[in-house]
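Down below is the structure, laid out as structure tokens.
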Amino acid sequence: MDYESNGWISDGVYYYPHLFGGLMLTAALLGLSTSYFGRIGVPSLPCSWSDLGIFHEKRRGKKRIRVYMDGCFDLMHYGHANALRQAKALGDELIVGLVSDEEIMANKGPPVLSMEERLTLVRGLKWVDDVITDAPYAITEEFMNRLFHEYKIDYIIHGDDPCMLPDGTDAYALAKEAGRYKQIKRTEGVSSTDIVERIFSSQKQKDMKDIYSDARPQEGSHPAGAHVAQFLPTSRRIVQFSNGKGPGPNACVVYIDGAFDLFHAGHVEILKKARELGDFLLVGIHSDETVSEHRGSHYPIMHLHERSLSVLACRYVDEVIIGAPWEITKDMVTTFNISVVVHGTVAEKTVNSESDPYAVPKSMGIFHSLQSPKDITTTSVAQRIMANHEAYMKRNAKKTASEKRYYEEKKYVGGD
Ligand SMILES: *[C@@H]1O[C@H](CO)[C@@H](O)[C@H](O)[C@H]1NC(C)=O
């Protein structure tokens, strides 16, 4: 749970002299390159061992498979979270390489989120064990060797989209040759490009409303029509993201609610603080209608199920209510045995709020106001994108073309 306490390499995980035979077997069976072990002077074994019984027993609690995946994670969304979830499933420990602000700037223009914010978001994901903060934009041979030797990475993971270096060669050729490359399936229905477009169209809608004050929100007006794929929420995806556990006996249940739109570093920080007040954090996520009603009809940017996945991916969250009521009732408090109801001091501006949604928990003496650690809000993230309108439009035009090609050539890919 506490990523700060994880060292780069847990002591002794890598080398147990008395179990070394088993370790070598692991290496051989997993097809690790011989050079990896060559440096400690042990010959490799042929991959012909058929009796896996002993091997399986011994593998547990011994050599832990470390996998690596990199990215910018700018405007992080549940597609990123899902990629990292899949990556983690290919090993025991997931190390994420975060591309620096300078590298993003040089390769694709200004990032929306700072390194500090991106780091908070990535570290907040429940599948991430550690983060390397100086990953290159395109992986280099030198960096790959550092991953293998310094960070003891076993496999480099990447999505099923090809990644080319400026000279047109496959960025992962080296890792592939060494048998140290694994691929995961792309998450359909969301991309940063798509989110930027949604923000633009939401802003446009707001401007229209400001001009024609009686304008009604159009049916299905967001997201922007440009993208082909739509997020199709399945119960399987929710199960994959969920912890699947209820509160233990005598647990102190903490409740926090909100829109959690454009899930950002401020959300992670407040969820962390909320979780520290008890043993089980229950998060109520307001429905799209509730958010529109209280924040303005141009919100939310992300749909209820998308927002739910982003919140569920956060390591401090135990459970979510998908479509929580605006007002907290006595019945809800009883149903979930809620001991503390928290609310951050930094919140979105609300319209239409005659009554206090926290009146009941306040009267019960279980309401707790939490000082928000960051003053970032969904609106402020959206505004940063609007401020860089021109640059993003240009970047998006390029991306949109390659996305279009992807969808034209798209075929079914197995896996999850
Ligand atoms: C309800 O929560 C309180 C603590 O806040 C706890 O002591 C109690 O055991 C919980 N009830 C059940 C049935 O778990």
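Computed from the coordinates by the stated procedures, all read-outs in this text should not be read as laboratory data. This is a predicted model, so every value here is computed, not measured. Reconstructed Cβ throughout: ideal geometry from the backbone, glycine too, with neighbour counts over all protein chains shown.
Applied to segment 125-134, the Karplus parametrisation 6.51 cos²θ - 1.76 cosθ + 1.60 on θ = phi - 60° returns per-residue 3J(HN,Hα) values of 6, 6, 9, 8, 9, 7, 10, 9, 9, 10 Hz, with x for Gly and Pro.
Between beta-carbons, use under 13 Å as the cut-off and find the net charge around Val333, counting Lys and Arg +1, Asp and Glu -1.
Numbers: positive: Lys330, Lys362; negative: Asp257, Glu327, Asp331.
So the environment of Val333 carries a net charge of -1.
Per-residue Cβ neighbour counts within 10 Å put Met144, Met105, Met76 in the sequence Met105, Met144, Met76, beginning with the fewest.
Would you mind counting up the charge near Thr120? Only other residues with Cβ under 12 Å from its Cβ, with Lys and Arg at +1 and Asp and Glu at -1. The partial results should precede the final answer.
On the way: positive: Arg118, Arg123, Lys272, Arg315, Lys374; negative: Glu116, Glu117, Glu269.
Charge balance near Thr120 sits at +2.
The phi torsions of segment 318-334, fed into the Karplus equation with coefficients 6.51, -1.76 and 1.60 and a -60° offset, translate into couplings of 9, 7, 10, 9, 8, x, 7, x, 5, 9, 8, 9, 4, 4, 4, 4, 6 Hz, rounded to whole numbers, with Gly and Pro shown as x.
Using a cut-off of 14 Å between beta-carbons, work out the net charge of the residues near Glu269 (Lys and Arg +1, Asp and Glu -1, Glu269 not included). Before the final figure, lay out the partial values.
Numbers: positive: Arg118, Arg123, Lys272, Lys273, Arg275, Arg315, Lys374; negative: Glu116, Glu117, Glu276, Asp375.
Around Glu269, the charge tally is +3.
Could you tell me whether segment 278-399 comes out rounded, prolate or oblate from its Cα gyration tensor? Rule is a ≥ b ≥ c as square roots of the eigenvalues, rounded for a/c under 1.5, then prolate if a/b exceeds b/c, otherwise oblate. Here segment 278-399 falls in the prolate category. A cut-off of 5 Å between modelled amide H atoms, ignoring neighbours fewer than 5 places along the same chain, links Leu125 with Arg315. With the highest mean first, a sort of the peptides 322-330, 362-370 on other beta-carbon atoms found within 10 angstrom per residue produces 322-330, 362-370.
Shown in residue order for segment 231-244 are the 3J(HN,Hα) couplings computed by the Karplus curve 6.51 cos²θ - 1.76 cosθ + 1.60 at θ = phi - 60°: 6, 10, x, 10, 5, 4, 5, 5, 4, 4, 7, 8, 7, x Hz (x for Gly and Pro). So which of Lys185/Lys374; Lys126/Lys176; Lys182/Lys273; Lys182/Lys206; Lys108/Lys152 end up more than 32 Å apart by C-alpha? Long pairs (Cα-Cα over 32 Å): Lys185/Lys374; Lys182/Lys273; Lys182/Lys206. Each peptide in 192-201, 132-141 gets a packing score, the mean of other Cβ atoms within 10 Å over its residues, and the list from highest to lowest is 192-201, 132-141. Between amide H atoms placed 1.01 Å from N, distances below 5 Å from Val341 occur with Tyr255, Phe367, His368, all of them 5 or more places distant or on a separate chain.
Three semi-axes describe the equivalent ellipsoid of segment 101-203; taken as square roots of 5 times the Cα gyration tensor eigenvalues and ordered largest first, they are 26, 17, 15 Å.
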